[in-house]
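> I am attaching a structure below and will ask some questions about it afterwards.
The values are calculated or read from the model by the stated rules, or taken from the named source; none is laboratory data. All figures in this text were calculated on a predicted structure; none of them were measured in a lab. Methodologically, a virtual Cβ is constructed for each residue, glycine included, from the backbone with ideal geometry; neighbour enumeration extends over all protein chains shown. For the accessible areas, the whole protein counts, side chains as well, though only heavy atoms, and no ligand, DNA or RNA atoms are used. Shrake-Rupley method; radii C 1.70, N 1.55, O 1.52, S 1.80 Å.
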Amino acid sequence: MTVAVIVFDILFHTDSVFQTEGTMSLSVLGSVYTGVMFVALVYFCRQVEFMNRLNFLLKDQCRTEARLSENSASLNMKLLENILPSHVAEYFLTDQAKDQELYSESHENVCIMFASIPNFKEFYQESAARQCIELLNNIIAKFDQMLLLPEFSKVEKSKLLEVHTWL
């Protein structure tokens, strides 16, 4: 529509009072300026729209990456705490560990218990999977119930060392 107004202005408006030979009339010049301003405004609006869309996509990507990073950090911490006691894992994640190569603590009355189920492979092959899972669940649940007692509050919980060995 704006183009139609500009063309109409150029074709049917003549201002012979201000027109000298070799110059454009004011109405033609005004129409040209209006057209240039319109094109510049459309271009600017498209640029703003493009930048807003790009900004939205980048923010969304940053949020997604931040969520993935938090999930990875959480998973890494759980894996590290599965290998090491939590206070040792925290020690190695702080700046204190950078000064020293090794970590050690001295404790009195320390015991490490290794437990395994003899002939579990054969039991698993002969029994139904559900029965094996129930047996393992009962053993681990009873061990966990014992760890809830006050006298066992300082016992570090079981860690999987191999397929059939718990520490």
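> Just a yes or no: is a residue in the range 135-151 out of contact with any strand residue (DSSP E or B) (no Cβ under 6 Å at 6 or more places or on another chain), open to solvent by less than 70 Å² (accessible area, probe 1.4 Å), in a helix (DSSP H, G or I) and at pLDDT below 75?
There is no residue in the range 135-151 that is out of contact with any strand residue (DSSP E or B) (no Cβ under 6 Å at 6 or more places or on another chain), open to solvent by less than 70 Å² (accessible area, probe 1.4 Å), in a helix (DSSP H, G or I) and at pLDDT below 75.
> Looking at the range 106-134 only, could you name the residues that are open to solvent by 100 Å² or more (accessible area, probe 1.4 Å), of a type in the set (D, E, K, R) and without any contact (Cβ under 8 Å) to a residue 40 or more places away in the chain?
Listed by number, the residues that qualify are E108, E126, R130.
> Residues that are within 30 Å of L135 (Cα to Cα) and either among the aliphatic types (A, V, I, L, M) or modelled with pLDDT under 80 (or both), at least 3 per element: which helices (runs of 4 or more DSSP H) completely within the range 24-122 meet that?
Output list reads 26-83.
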